[in-house]
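The values are calculated or read from the model by the stated rules, or taken from the named source; none is laboratory data. In this text, all values refer to a predicted model and were calculated from it rather than measured experimentally. Note: ideal-geometry Cβ built from the backbone for every residue, glycine included; neighbour counts use all protein chains shown. Surface areas here come from the heavy atoms of the whole protein model, side chains and all, with no ligands, DNA or RNA. Shrake-Rupley method; radii C 1.70, N 1.55, O 1.52, S 1.80 Å.
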Amino acid sequence: MTSRAPPAGLRPFLPDDAPLLAEIFRAGIEELTGDDYTPGQQAAWAAAADDEQAFAARLASALTLVATIDGAPVGFASLKGADAIDMLYVHPAVAGQGIGAQLCEALEKLAAARGAAKLTADASDTALAFFERHGFAAQSRNTVPRNGEWLANTTVQKTLSTAPGSKS
């Protein structure tokens, strides 16, 4: 798609969303991260959604928002606790069209409403530039094991404004 997607609707995660969100997760990894990760690393990372019950439990244990266009899920993001983005994924068909930014901004507002002064995420090498464009600063470089593979990511952090009516 070359045109910009219409603003997505945002709604809470529902248990019935898990299979489709697992597909969005896998598609995002398989189609968007090839410049930064090997096929083995991608497969190990995407395997996190193979157990859909565990994947659904992970989504349900956080405050997870689902982005929809015409009622169909196109992305999702999870806020773990008050101050950590656990997951933020969009379907490759809408990547670069503002859906990820919309989800990120919503989590920033929710984190601030929960009293968080900062918001952190472990950004993949693919997503690092996205987070930097949205005001996050790199804090540390990490290497994490996933199903027999080592994946690099970067912990990023953004200071939030909690003053009423202010923008972060």
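Quick notes
- Of all residues in region 122-144, exactly one satisfies the criterion of being open to solvent by 40 Å² or more (accessible area, probe 1.4 Å), hydroxyl-bearing (Ser, Thr, Tyr) and touching a residue at least 60 places away in the same chain (Cβ under 8 Å), namely THR126.
- Among the residues of region 62-96, the one identified as touching a Pro at 6+ places or on another chain (Cβ under 9 Å) and among the polar types (S, T, N, Q) is THR64.
- Only one of the numbered conditions (1) over 13 Å from the mean Cα position of the chain (by Cα); (2) assigned to a loop (DSSP other than H, G, I, E, B); (3) at pLDDT 95 or above is violated by THR126, and that is (1).
- Where strands (runs of 3 or more DSSP E) fall wholly inside region 27-121, no range has 3 or more residues that are at pLDDT 95 or above and surrounded by fewer than 16 Cβ atoms within 10 Å (Cβ to Cβ).
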